[in-house]
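Below is one structure; the comments refer to it alone.
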Amino acid sequence: MSEEKNGMTRRDLLGGSVKIAALASVSGGTVLSASQAAASGAAGGKADVPPGQLDEYYGFWSGGHSGEVRVLGLPSMRELMRIPVFNRESATGWGATNESIKILSEGLTPETREYLKKQGKTTFDHGDTHHPRPSYTEGSYDGRYVFINDKANTRIARIRLDIMKTDKVLEIPNAHAIHGLRLQRYPKTGYVFCNSEMRIPLPNDGTNMKDPKKYTGIFTAVDGETMKVAWQVLVSGNLDNNDADYSGKYVASTCYNSEEGTTTAEMTASPTDHAVFFNIKAIEEAVKAGKATMISGIPVVDGRKEAKSQFTRYIPVPNSPHGCNASPDGKYLMLNGKLSPTVTIVEWAKLDDLFAGKISERDCVVGEPEIGLGPLHTTFDGRGNAYTSVFLDSQIVKWNVADAIRAFKGEKVNPIRQKLDVHYQVGHTNASMGESKDADGKWLVALCKFSKDRFLNVGPLKPENDQLIDISGDEMKLVHDGPTFAEPHDATIVHRSKIKPVDVYNPNDPLFDDLHAMAKADGVKLGTDSKIITDGNKVRVYMTSQAPSFSMTEFTVKKGSEVTVIVSNQDDVSDLTHGFTLIGHNVCMEIGPKAHASHTFRADRPGVWYYYCQWFCHALHMEMQGRMLVES
Ligand code: RUQ
Ligand code: CUA
């Protein structure tokens, strides 16, 4: 769209013939698709996005233990982008540039930073992402951010959707393994709710490890604007997934191991566990009144079962519930049984009476349909139907919520509408717009943990299988198999009208504040000047890039210098990213249009070292290079 706005596109730069060829392929593609659609029948045709056409939805995909987030287009299921988050990423230099190191390290606790420093590190090199959630205003996606958890190193991160880059990373103190992550929906995000999955002693400093009965779970609310922890609640049991209501009053978490054991046998001994419901206002008031205990500088209230507080209520749910999903009509919360074949339906509106002591916990349950073996997650079509992923049966089960509630009251109705086989062992499932009040019931993805025989064999490590299902009609139809690398747990599907990314960076974006300050102190006009500043042992090399050259094709430093290369991309053109790769020095970075990026390294190897642009930018891209001369 803004290709026009910028006047020139990468295709223009590459030459007119490419543009003509591209236009020809667009019209050719449209003709092809019409005939394909006719040939492939109702469901298949709709999933087909011909060459040159844009998808209708963005999909934000977790990358699991790859540590990243991926952006897919739906319904084509084409992978559009990878957003490095907790991982070290080669193409963009994420985790190595000064700007990304700052983002990855500034939110760590002092204790973690100290530990990493002793290992010669500034941050962790990996993460385990599960639940990507786009921010809300009044229950609708507002296109500002996506938030994501890191189970491996107890962190959360925020991705800015205008540039599709991570801008904040925060380690959660007092917690251990952030798994469940969901957002406040009303009035807006607002809080990012984070579940500590593992129970630990507090403080966790080696003094009180022996008795697991004294360990505790903890629930965290982070302010999504400031990315600072707002408050925490001590809880009983291991927190799993969570979700918030559509009124801003309550948030809930499923818990397994209410037994508080440490072995599998101990953890699954009891036929019932619970979901814990948090009263946001009661917690906020206690924190405001100074009634919270400060632990690691964070106000913490006691919401454990035995504390019988006004902060929490524990609703008993059959064995080890996992997924926790609020329905888009704002009325219900589905607690998925995992070891029980049931989904437990809680009505949010009953919680006022529960917290007031007028009714008991199980009075909030208005339905408990039997779905199949191993229900994990539920999503919605906005037409009153729920879709539950069933792990052991390898199925997506469509059921009607109103009928499930009638059946619970004793009426003879079967809420199950259809059971569709998926391939195989499905974890999360999510429908288009299904996590928001704008659920539109068009598409559903089933994120399968095993692909087995569905793809060409690539050795012992197989891809996962993300399947696309058309749910627009009465019957679910499987339309696409999508192999993915480790390991999308969850995905959120957002209509493209909600997301408005830019094409070119604002050169004065807060992301570049440190570079502007440094350049100012050096008397350099960032983005314009080419200058070498020598500051004792430190050398700062400021250069610009404009296709197809760097403003500096040679610079000389003394062996042992600590060199910082700062590159400012002057190209103001959509899709015109440059790179800076320095041979033999572990230096590689992306510099987007009008962006700045910097990398610091030690020049310890006398000789000639070439640097080059690694991002294809021009017919003379190969020639975009220069030399660093290191004097002995
Ligand atoms: S939760 S399926 Cu994080 Cu189910 Cu993975
Ligand atoms: Cu600049 Cu390739």
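The values are calculated or read from the model by the stated rules, or taken from the named source; none is laboratory data. A quick note: this is a predicted structure, and the numbers were derived from the prediction, not measured. Heads up, the Cβs are rebuilt from the backbone with ideal geometry, glycines too, and the neighbour counts pull from every protein chain shown. Heads up: the accessible areas ignore ligands, DNA and RNA and are worked out on the full protein's heavy atoms, side chains in. Shrake-Rupley method; radii C 1.70, N 1.55, O 1.52, S 1.80 Å.
Some points to look at:
- Exceeding the 24 Å Cα-Cα cut-off - candidates 398/437; 117/151; 213/281; 165/281; 151/449; 188/498: 213/281; 165/281
- For region 181-276: rounded, prolate or oblate by the Cα gyration tensor [a/c cutoff 1.5]: oblate
- Potential lengthening between residue 530 and residue 474 on full extension [0.36 nm per residue; Cα-Cα distance subtracted]: 13.8 nm
- Calculated FRET efficiency, residue 500 to residue 210, Cβ-Cβ distance, R0 = 41 Å: about 0.15 to the nearest 0.05.
- Probing with 1.4 Å while keeping every protein chain in the model, the per residue accessible area of the chain equals 41 Å².
- Whole-Hz couplings from phi, Karplus 6.51/-1.76/1.60, listed for region 316-321; x for Gly and Pro: x, 9, x, 2, 6, x
- Charge dipole (debye, nearest 20) of region 473-584; +1 at Cβ of Lys and Arg, -1 at Cβ of Asp and Glu: 560
- Per-residue HN-Hα couplings for region 217-229 [Karplus 6.51, -1.76, 1.60; θ = phi - 60°; Hz; x = Gly/Pro]: x, 8, 10, 10, 10, 9, 6, x, 7, 8, 6, 10, 5
- Computed about its Cα centre, the charge dipole of the chain is approximately 600 debye, with only Lys, Arg, Asp and Glu carrying charge at their Cβ.
- Carbon/sulfur fraction of accessible area - the chain, other protein chains in place, 1.4 Å, %: 53
- Kyte-Doolittle at least 0.5, axis length at least 18 Å by Cα - qualifying DSSP helices, the chain: 16-47
- Of the trypsin sites (Lys or Arg not before Pro) in region 149-243, those whose Cβ has at most 15 other Cβ within 10 Å and which sit in DSSP loop: 210
- Global form of region 489-632, assessed from the alpha-carbon gyration tensor, a/c cut-off 1.5: prolate
- Karplus 3J(HN,Hα) series, Hz, for region 544-549 with 6.51 cos²θ - 1.76 cosθ + 1.60 (x for Gly, Pro): 10, 10, 8, 3, x, 8
- Modelled this way, with points 7 Å down the Cα-to-C-beta line, the labels at residue 122 and residue 411 are 6.2 nm from one another.
- Three-way shape call for the chain based on the alpha-carbon gyration tensor, with the a/c threshold at 1.5: oblate
- Judged by the mean number of other Cβ atoms found within 10 Å, the most tightly packed of the peptides 307-315, 556-564 leads the ranking 307-315, 556-564.
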